[in-house]
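Colleague: So that we are looking at the same thing, I have put the structure below in C-alpha cells.
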Amino acid sequence: YLHESAVMDGVPIFSFWNYTMPRAQLLSIRGCLNSTTTMILTRMEGQMDGEDQGAYTGESFDDALSAAKKMGIVEENESLDVDGYDAAIKLRSILVFVSSHSSSSSSQSCKITIPPIDEIPRDSIRNVTHEDIHRAYSDGRKKFRLVASASISELEPLNNEEHASKTWNARVKLEMLTPDDPLYILSGTSSLVEFSTDVLGPISIVSKDPTLVDTSYGLFSDIIRIASESR
C-alpha cells in the first residue's frame, strides 16, 4: 500500500527516498512533523521584540489550542498532537519505511531495530508558558519547537552472531532552537524534515502552510502510481 499523505500532507517523502536515493544509508533524521504544535507555539509567540518587553502579544496555550481546534487541525484526542504521539508515530513510520526499503547489501546483512512507539520518549508542549517563550526569545531570539529526531547506532556482534546490529535512537523533544537552526524558520502549519545519509546530507524538505489540496494531491499521486505500476 502507499501512504504519501501520512506524514507531511502531500510532500513525497516516501517516494523521494524510494526512487531518488538508491543504496543511500540513512544515518539520522530530524524535523518538525506535527504542524498543530508548530501552529500553537507560533500563536503563543505572537509578535515579539527581544528589546521591548511590551511588544509580546502571544496567546496562552489554552487560547492557541482553542484557535487550532477552530481551524480543524487538532486531532479529536488533542493529546495525540500536544503530547507528541502524532510526531512519534510519523517518525517511526519513516524509520520503518526507510529501513525496509534500503537496497544495500550492508543493510541486508545487518539487523536494524526500530523501537516500539511506546518506547519512544515524548515531550509535551502543555507546560510551555508565556514566560518560557519570552525568556527564550530574549536570550538570542530562540524559539521552542517540538522536534522529532532519530540517529542510528551500531552494536557489536554478540556471542555467535555473524553481523553487527543497528538500532534507531528516536525521540520527540521540545527543543529551544537558535536562529541558525533549519527548523527555526517554521511557523504556522509548516513542517520540515531533514535527512542525513552516508553519501548526501543534510537534505531538507519543507512544506509551507499546506492546505487540503496538498493532502489530496498526495492521495492522487498514490492512485496514479498504483495505476501506472499495475499496467
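Colleague: Of the numbered conditions (1) open to solvent by 50 Å² or more (accessible area, probe 1.4 Å); (2) at pLDDT below 90, SER99 satisfies every one except a single condition; which is it?
Modeller: (1)
Colleague: Which residue out of SER216, SER207, SER221 is in contact (Cβ under 8 Å) with a residue 60 or more places away in the chain and within 18 Å of the chain's Cα centre (by Cα)?
Modeller: SER207
Colleague: I'm trying to understand the selection: among the residues of region 186-202, which are surrounded by 14 or more Cβ atoms within 10 Å (Cβ to Cβ) and either aliphatic (A, V, I, L, M) or free of Cβ contacts under 8 Å to residues at least 12 places away in the same chain (or both)?
Modeller: LEU186, LEU192, VAL193, listed by residue number.
Colleague: Output the residues belonging to region 119-149 that are basic (Lys, Arg), buried (at least 16 other Cβ atoms within 10 Å of the Cβ) and in contact (Cβ under 8 Å) with a residue 60 or more places away in the chain.
Modeller: Of region 119-149, the ones basic (Lys, Arg) are 122, 126, 135, 141-143, 145.
In the following step, the residues that additionally are buried (at least 16 other Cβ atoms within 10 Å of the Cβ) were identified as 122, 142-143, 145.
Matches in region 119-149: LYS143, ARG145.
Conditions (1) aliphatic (A, V, I, L, M); (2) touching a Gly at 6+ places or on another chain (Cβ under 7 Å); (3) modelled with pLDDT of 80 or more, marked per residue:
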| position | (1), (2), (3) |
| --- | --- |
| LEU158 | yes, no, no |
| THR167 | no, no, yes |
| PHE195 | no, yes, yes |
| VAL199 | yes, no, yes |
| ASP209 | no, yes, yes |
| ASP214 | no, yes, no |
| ASP222 | no, no, no |
| ALA227 | yes, no, yes |
| SER230 | no, no, no |
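Colleague: Among the residues of region 72-91 satisfying the criterion of being in a helix (DSSP H, G or I) and free of Cβ contacts under 8 Å to residues at least 60 places away in the same chain, which is surrounded by the fewest Cβ atoms within 10 Å (Cβ to Cβ)? If you could, list the steps in order and put the result at the bottom.
Modeller: Of the residues in region 72-91, the ones in a helix (DSSP H, G or I) are 79-82, 85-91.
From what is left, the residues that are free of Cβ contacts under 8 Å to residues at least 60 places away in the same chain are 79-82, 85-86, 89.
Values: SER79: 12, LEU80: 17, ASP81: 24, VAL82: 22, TYR85: 20, ASP86: 24, ILE89: 18.
Among those residues, the one meeting the criterion is SER79.
Colleague: How many residues does region 55-70 hold that are open to solvent by 30 Å² or more (accessible area, probe 1.4 Å) and touching a residue at least 60 places away in the same chain (Cβ under 8 Å)?
Modeller: Number of matching residues: 2.
The values are calculated or read from the model by the stated rules, or taken from the named source; none is laboratory data. Remember, predicted model here, so these are calculated numbers, not experimental data. Counting neighbours? That spans all protein chains shown, and the Cβs are built from the backbone with ideal geometry, glycine included. Surface accessibility is based on the protein's heavy atoms, side chains included, excluding ligands, DNA and RNA. Shrake-Rupley method; radii C 1.70, N 1.55, O 1.52, S 1.80 Å.
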